[in-house]
1. Between THR84 and ALA136, 0.36 nm times their residue separation minus their Cα-Cα distance comes to what?
2. Rounded to the nearest 500, what is the chain's calculated 222 nm mean residue ellipticity when only DSSP H runs of at least 4 contribute -39500 (n - 2.57) each, over all residues?
3. Given the options ASN60, ASN200, ASN176, state which has the largest fluctuation in a GNM of the chain using a 10 Å cut-off (strictly under) for Cα springs.
4. Sort HIS99, HIS34, HIS208 so the one with the fewest other Cβ atoms within 10 Å of its own Cβ comes first.
5. Compute the relative contact order of region 30-162 as a whole-number percentage, counting only Cα pairs closer than 8 Å that sit 6 or more residues apart in sequence.
6. Once each part is reduced to its C-alpha centroid, what is the distance from region 73-126 to region 199-240 in angstrom?
7. List the DSSP H helices in the chain whose Cα atoms stretch 24 Å or more along the helix axis and whose mean Kyte-Doolittle hydropathy is at least 0.0.
8. Just want to confirm a number: the relative contact order over the chain, from Cα pairs under 8 angstrom separated by 6+ residues, in percent.
Amino acid sequence: MRLLANTGFLFADLPFPERLAAASAAGFDGVEFHDEVQRHDASGIAAALDELGLTVGGLNIRMGDSFGCAALPGHEADFIADLTAAHAAAVAVGAGAIHVLAGRGAGDEAVFRANLRRALDATDRLILIEPICAEAVPGYHLSRLDHGLELADLFGPRVRVMFDWFHAATELGPQNAAEALARHTALIGHVQAASCPGRNEPEPEVLHRFADTGCTAAGLEYRPLITPADHLARLRAAGI
């Protein structure tokens, strides 16, 4: 399984461009981004990735204080601008997926669905939607896994759920989260790993669950307690 360093969480003490070299030195196969590329020289980031031999799994649309705005009424123009910037960044660095964040606040489902349709028309990238549990981000519009799965089923294969173990296990409990992962594999486009409840280094069992469902890559999005290189070595020793 290819393991991707989420640069929004890992190596956070380093300036963004330096996180790429740190991920390579630690032994990661690739990276995934929050919205850092949109705030840097994308061509320079692409050149660094090429030199380091790192691939990019995906990146987020602009997050801001509201964690995106796709479901927030009155922000349609902001959403289009954010999507345009995310698409350009994804093309520049070779990211195959864009995570469209719904936003927190007075969200509206009709607005969210209309913006997802706009996203499908505006980019050729896979659109990921991530259910983010209420404990982590209170008021986030897409807080339940079943809601995300419903939308993925409705919109078809270019909209898929980003299944984050921390959020799913917090919402449903570990056993129910594992069962949902196995049951709905076809609607899941990407997986991320962190422990629950601490959101620290994920145990190898979590990655084995992903591999058992056919996942070939996983993003590691956690708050490190040990160096990412040491944790990655432990995962590899466990057969990941």
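1. 16.0 nm
2. Only helices count here, giving -13000 deg cm²/dmol.
3. In this elastic network of the chain, the residue with the biggest mean-square fluctuation among ASN60, ASN200, ASN176 is ASN176.
4. Ranked by crowding around the Cβ, least crowded first: HIS208, HIS34, HIS99.
5. Relative contact order of region 30-162: 22 percent.
6. 29
7. Details: long enough: 76-93 (26 Å, 1.08).
Once both thresholds are applied, what remains is 76-93.
8. Reported as a whole number, the value is 19 percent.
Every number here is computed from the coordinates shown, using simple stated rules; none is lab data. Computed from a prediction, not measured in an experiment: that's the story for all the values here. Neighbour counts are summed over all protein chains in view; Cβ atoms, including those assigned to glycine, are modelled from backbone coordinates with ideal geometry.
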